[in-house]
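So the structure is just underneath, and the comments pick up after that.
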Amino acid sequence: MNTTGPHPTGERPRALRPTTDDPDQGSRTDEWHRHGSHAATGVHRRRHLATPRRLAIALGCWSLAYGALRLLAPLPGGDRNADLAAVPGWAVAAVCVLGALVAFTPRGSRAVLVAGWAVAAVLSALGFVLVLDLVAIALPGLDLPFALLPFLLRLACALTGLAFARLTLARRRRLRGACPDCGRINGVTRLAVRPRWALVAGYLAVAGCALRFGAQTLWHDDLPIGMSASAWVFILGMLAGGTLLPLALVHRWGEVWPRWVLPLAGTRVPRLVLLIPAALFALGLVSYFGAFGLVELVVHAVSGEPTEHALFLWLAVIGYLAWGTGIGAAAIAYYARTRPECPHGTNGRRASTDRRRVP
């Protein structure tokens, strides 16, 4: 009997049908990892794996070069550049060497992932004053001090930290057997529905913003009527970043334009419209006021050195930290909830009705 020819009923023989009970079939994600996104050829898989390795090697080489630059190059002085001089060059170089070792390691492990996240966090935090440089570029009317070389050093430090975060995330996905593009495992979307902690985080950001501006009002009760247009734009932008932005991250009108936005009502909100400013607020507020403001207040309190307007500064720093951490947590949930369709077809149980549960 010919078992390879056409079946009399027009169906494939049962032995040749893929079944979910067959462990060799696996999920779509497992199939992707065994054969690549184009399973018909092994060449695509080799190219797919070779590209991240080359990028990792390039990142390791750049990390060594940046570490050597911070170790050997003279840094600009002045109070505005105190952040660059506060951390010794040898310490930055040591972190960069550790990052290079992480990048050059061909296979990921838990220890490599921990080291990669540590390098990403430290380098990103060391560029905390970059936020002020970006504000000085966007609003020159504020007359904030700006210098090109310190700006480039901070920008390179922050981007290097983000690159290590991206590399570590890709390795974590591969270690967990997840899709390297969307991070799903067996087609299951985590945080497809907004969790309760994301809602709490969004309103925590609003409370932190209210605490910061409330403290400003209590200690400086005069109305800023004579401010410049750039100062008003800055204040209004900060208020929007502390009210509209965190609320949009945790409510449905942050995914679909509401009715009062007449030209765009009913259409999808591009996720980067919210994620980019949310990332800037979260990284800027947490790193600047966590790595600089809070540490300075603690040092003054421990040493007994008097601090003018200490209560106002404590309230402001606590407000900034609550604002930044809240908006960062809400942005993580928003990022997971609005992930696009997987290019390899591993969307699985993600349903459009899940979004209706976000009010």
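For segment 57-167, the ratio of Cα radius of gyration to the globular rule of thumb 2.2 N^0.38 Å stands at 1.12.
Electrostatic bookkeeping for Leu130 treats Lys and Arg as +1 and Asp and Glu as -1; over the other residues with beta carbon under 10 Å from its beta carbon, the sum is -1.
Rounded to a whole number, what % of the accessible area of segment 243-323 do carbon and sulfur atoms account for, probe 1.4 Å? Looking at segment 243-323 in its full context, I get 75 percent from C and S.
Averaged over residues, the count of other Cβ atoms within 10 Å places the peptides 298-304, 140-146, 63-69, 319-325 in the sequence 319-325, 63-69, 140-146, 298-304, highest first. The fraction of accessible area contributed by carbon and sulfur in segment 71-135 is 74 percent, rounded to a whole number (1.4 Å probe; ligands and nucleic acids excluded). For segment 225-285, the square roots a ≥ b ≥ c of the C-alpha gyration tensor eigenvalues yield an a/c of 1.5 or more together with a/b not exceeding b/c, which makes the shape oblate. From the Cα gyration tensor of segment 124-189, with a ≥ b ≥ c the square roots of its eigenvalues, which class applies: rounded if a/c is under 1.5, or else prolate if a/b is larger than b/c, or else oblate? Prolate is the answer for segment 124-189, as a/c is 1.5 or above and a/b outweighs b/c.
The values are calculated or read from the model by the stated rules, or taken from the named source; none is laboratory data. This structure is a prediction, so every number in the text was calculated from the model and none was measured. Ideal geometry is used to build each Cβ from the backbone, glycine not excepted, and the neighbour counts take in all protein chains shown. All accessible areas refer to the heavy atoms of the entire protein, side chains included, with ligands and DNA or RNA removed. Shrake-Rupley method; radii C 1.70, N 1.55, O 1.52, S 1.80 Å.
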